[in-house]
Structures are given as structure tokens and as C-alpha cells.
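Structure record follows, encoded as C-alpha cells.
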Amino acid sequence: MQDAADLSRLAENTSRYARYSRSAGGLSLVIGGVLCLATFVVGATVELTPALRYLLVGAPLAWLLSKELLRAFYYQRAGAARERLSDKQRRMRRWMVAYLAAMSLLIIAGVAWTAGTRAWQWPGIAYIAIVAAMPLVAARWFWSVGDFLVGVLLVCQAAVVIVGLHYPWYWILIAAIYAAIAVTTGWREHRDYLQLRDELGLSDPGRTPGRSA
């Protein structure tokens, strides 16, 4: 009975560990929330020089890089364990990605219709490229509601900023709400990981929780 209980506990902890390969962002979600709010505040309140514009455009890339680095070298440093998504999670992701793809197509079609040939010149072509990339980025890197909240706002902000525009000040309120959700969720996930790390003894490089869950 004790062996069965130990195996059940190990399986549960391994499943918890595997979440950090996909749906649990931890500190990367905190970073995403902070970047989301910061880019909207700066975009709406500061004069955008060319250098600052490109810095804001790079915010989504900085966030995605943080996701990959934290996953590989912190949350999954004891060994890669791929999370198995539930049917509900898979359906949710498919609908979100499909929605983003449809919205991207509508936006690109609208820009092409109203701007004509200017849409295919710089910086219009950069705007279209960023919008077109959004569902592809979502399909690869967005695994949770928090990812979609901050990720979509970061990408939309980058698309608008690249053409020298910015969102109105009231979008700061929307970004603040989304950022608060992301930071709160990410910090809770990080605290859960710290507890899990102690339970699994992940500070010992010789112990691994398994290869899949």
C-alpha cells in the first residue's frame, strides 16, 4: 500500500512538473505582464523616437525568449517532461488560434483595401508581417489564457508602434488588468514550483522526475 501511495504521489508531482513545459509559465508570465503594461504606458506617454519604437517592437521577442530560457534552464532543468494537454485545453487553444488567424486575415485585408500599395511598402509591410505572424506565434508559444492575454497585447502593440503610432491612453487600463492577471498567475505558479522543487528534490542534479507526464 505504501509503495502504491508513493507511486501515486510521484505520478502527481511529475504531472505538476510537466506543466512548466507548456501551460505553467511561472516567472515568464510575470515578465510578460510587466512588459505588457510597460509597453502600453511608454507608447501612450512618451515621444517615440526611432530607437524607442524598435525597443518596444522587440518586447514580444524578449518575452518569448524569457519563456524559452526559463523553461529550459530553470523550470525543466532536471529533465524535459512534456505536458499532456487535456481535451478541453486542446479545444481552447484551437479556438483561440483560429480566432487570432481570422482576426489577422480581416486586419490585413482591411489594411490592404484602405492603404492600397502603401500597405506593401515600409513600414506597412512590417505591420502586415507582425499581424500575420500573430496566430503562428500563438500556435507555437501560447499555452494558457495568461499567454494569450499578454502575448496578443504585446504583438498588437508592436504592430502599431512599428508604423509610428500608439494606442490611446485608456488602453493602459486594459493592459493593467491583463498584466495584473498574468503577474498574479505567474507568481502563484512560481511559488507552486518552489514547493514542488523541494518535494522532488530538484536541487540535486542527480534526481529527475521523469521524461513525460
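The values are calculated or read from the model by the stated rules, or taken from the named source; none is laboratory data. Every value quoted in this text rests on a predicted model; they were computed, and no experiment measured them. Because the Cβ atoms are built from the backbone with ideal geometry, glycine has one as well, and the counts that use them run over all protein chains shown. What goes into the accessible areas is simple: the full protein's heavy atoms, side chains included, and nothing from ligands, DNA or RNA. Shrake-Rupley method; radii C 1.70, N 1.55, O 1.52, S 1.80 Å.
Here is how the numbers come out for the structure above:
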{"item": "Of residues in the stretch 68-91 being open to solvent by 50 Å² or more (accessible area, probe 1.4 Å) and in contact (Cβ under 8 Å) with a residue 40 or more places away in the chain, the one farthest from Ser144 (Cα to Cα)", "result": "Arg77"}
{"item": "Qualifying residue in the stretch 33-46 (condition: open to solvent by 50 Å² or more (accessible area, probe 1.4 Å), polar (S, T, N, Q) and within 30 Å of Tyr167 (Cα to Cα))", "result": "yes"}
{"item": "Among the residues listed as Ile174, Ile162, the single one being over 20 Å from Gly33 (Cα atoms) and of a type in the set (Val, Ile, Thr)", "result": "Ile162"}
{"item": "Check on Ala180, part of a helix (DSSP H, G or I), modelled with pLDDT of 95 or more and farther than 30 Å from Asp87 by Cβ", "result": "no"}
{"item": "Ser28 being among the polar types (S, T, N, Q) and touching a helix residue (DSSP H, G or I) at 6+ places or on another chain (Cβ under 7 Å)", "result": "yes"}
{"item": "Index of the failed condition, Trp187 passing every other in (1) in a helix (DSSP H, G or I); (2) at pLDDT below 95; (3) open to solvent by 70 Å² or more (accessible area, probe 1.4 Å)", "result": "(2)"}
{"item": "Condition broken by Leu173, with the remaining ones in (1) touching a Ser or Thr at 6+ places or on another chain (Cβ under 9 Å); (2) open to solvent by 10 Å² or more (accessible area, probe 1.4 Å) satisfied", "result": "(1)"}
{"item": "Any hit, the stretch 34-51, residues being charged (D, E, K, R) and part of a helix (DSSP H, G or I)", "result": "no"}
{"item": "Test: residue in the stretch 5-14 that is touching a helix residue (DSSP H, G or I) at 6+ places or on another chain (Cβ under 7 Å) and either closer than 24 Å to Arg188 by Cβ or in a helix (DSSP H, G or I) (or both)", "result": "yes"}
{"item": "Filter result (touching a residue at least 12 places away in the same chain (Cβ under 8 Å) and either closer than 12 Å to Leu153 by Cα or of a type outside the set (D, E, K, R) (or both)) within the stretch 39-53", "result": "Thr39, Phe40, Val41, Val42, Gly43, Ala44, Thr45, Leu48"}
{"item": "Residues being of a type outside the set (Ser, Thr, Tyr), at pLDDT 90 or above and in contact with a helix residue (DSSP H, G or I) (Cβ under 8 Å, 6 or more places away or on another chain) - total across the stretch 59-82", "result": "9"}
{"item": "Flag if Asp198 is part of a helix (DSSP H, G or I) and more than 20 Å from the chain's Cα centre (by Cα)", "result": "yes"}
{"item": "Pick from the stretch 12-31, criterion of a type in the set (Val, Ile, Thr) and within 19 Å of the chain's Cα centre (by Cα), ranking: most open to solvent (accessible area, probe 1.4 Å)", "result": "Ile31"}
{"item": "Test: residue in the stretch 50-60 that is on the phi > 0 side of the Ramachandran plot and surrounded by fewer than 21 Cβ atoms within 10 Å (Cβ to Cβ)", "result": "no"}
